Amino acid sequence: QGQLVESGGGLVQPGGSLRLSCATSASIFSVYTMGWYRQAPGKQRELVATFSGLITNYADSVKGRFTISRDNAKNTVYLQMNNLKPEDTAVYYCNAQYYAIDYWGQGTQVTVSS
C-alpha cells in the first residue's frame with residue numbers, strides 16, 4: 001500500500017496531451033518491471049505500456065501516440081499521451097511487477113471529451 005504514487009490525470013479534448021507520473025521507492029524501481037494499465041467502464045483492465053530494463057512494450061491501440069519513459073534519478077515512470085481519443089478515457093493504473101509480486105497505484109482518471 002502506498003508503494004506507487006500516481007499523478008497527472010484530468011480532462012482533455014480529443015487530440016490533446018497529458019502526462020502521467022508514477023513515483024516509487026528505489027528498491028522497487030531498480031528491479032521491477034514498471035508499466036501502465038487502464039480500465040474503462042464496463043471493460044477489463046488492459047495493458048497500455050511497460051518498461052523492463054531497456055525494453056518497452058505497447059498496446060497496439062496506443063503505439064505511435066503514447067510513450068513510456070523513466071527517470072532513474074527520481075524513481076519515476078512517465079506515460080506521455082499524445083493525440084488522445086475519446087476511447088482512451090479510463091482510469092489509468094501504475095503497476096510494478098517482479099515475479100509473483102504485484103503493486104498497483106491508486107489509479108488516476110483520464111477523460112477525453114469535447
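Taking segment 25-57, which residues are farther than 18 Å from Q106 by Cα, in a strand (DSSP E or B) and open to solvent by 50 Å² or more (accessible area, probe 1.4 Å)? Within segment 25-57, S52, I55, T56, N57 qualify.
Going by the conditions given, is R19 open to solvent by less than 60 Å² (accessible area, probe 1.4 Å), assigned to a strand (DSSP E or B) and charged (D, E, K, R)? The answer is no for R19. Restricting to segment 79-104, name every residue that is in contact with a Phe, Trp or Tyr (Cβ under 9 Å, 6 or more places away or on another chain) and either under 11 Å from G35 (Cα atoms) or exposed (fewer than 13 other Cβ atoms within 10 Å of the Cβ) (or both). If the condition is that a residue be in contact with a Phe, Trp or Tyr (Cβ under 9 Å, 6 or more places away or on another chain) and either under 11 Å from G35 (Cα atoms) or exposed (fewer than 13 other Cβ atoms within 10 Å of the Cβ) (or both), then L79, Y92, Y93, C94, N95, A96, Q97, Y98, I101, Y103, W104 are the ones that fit.
Residues in segment 22-41 that are over 14 Å from A96 (Cβ atoms) and at pLDDT 95 or above: 3 in all. Answer yes or no: is there a residue in segment 69-88 that is touching a helix residue (DSSP H, G or I) at 6+ places or on another chain (Cβ under 7 Å), modelled with pLDDT under 95 and under 18 Å from L4 (Cα atoms). Checking segment 69-88: at least one residue is touching a helix residue (DSSP H, G or I) at 6+ places or on another chain (Cβ under 7 Å), modelled with pLDDT under 95 and under 18 Å from L4 (Cα atoms).
Could you check, for segment 93-100, whether at least one of its residues is among the hydroxyl-bearing types (S, T, Y), more than 19 Å from G10 (Cβ to Cβ) and modelled with pLDDT under 95? Yes: one or more hits. Restricted to segment 49-65, and to residues there that are touching a residue at least 24 places away in the same chain (Cβ under 8 Å) and not β-branched (V, I, T), the residue that is farthest from L4 (Cα to Cα) is S61.
Among the conditions (1) in a strand (DSSP E or B); (2) open to solvent by less than 20 Å² (accessible area, probe 1.4 Å), V62 misses just one, which is (1).
The values are calculated or read from the model by the stated rules, or taken from the named source; none is laboratory data. Please read these numbers as outputs of a predicted model, since none were measured by experiment. For neighbour counting, all protein chains shown are included, and Cβ atoms are generated from backbone atoms with ideal geometry for every residue, glycine included. Side chains included, ligands, DNA and RNA excluded: accessible areas come from the protein's heavy atoms. Shrake-Rupley method; radii C 1.70, N 1.55, O 1.52, S 1.80 Å.
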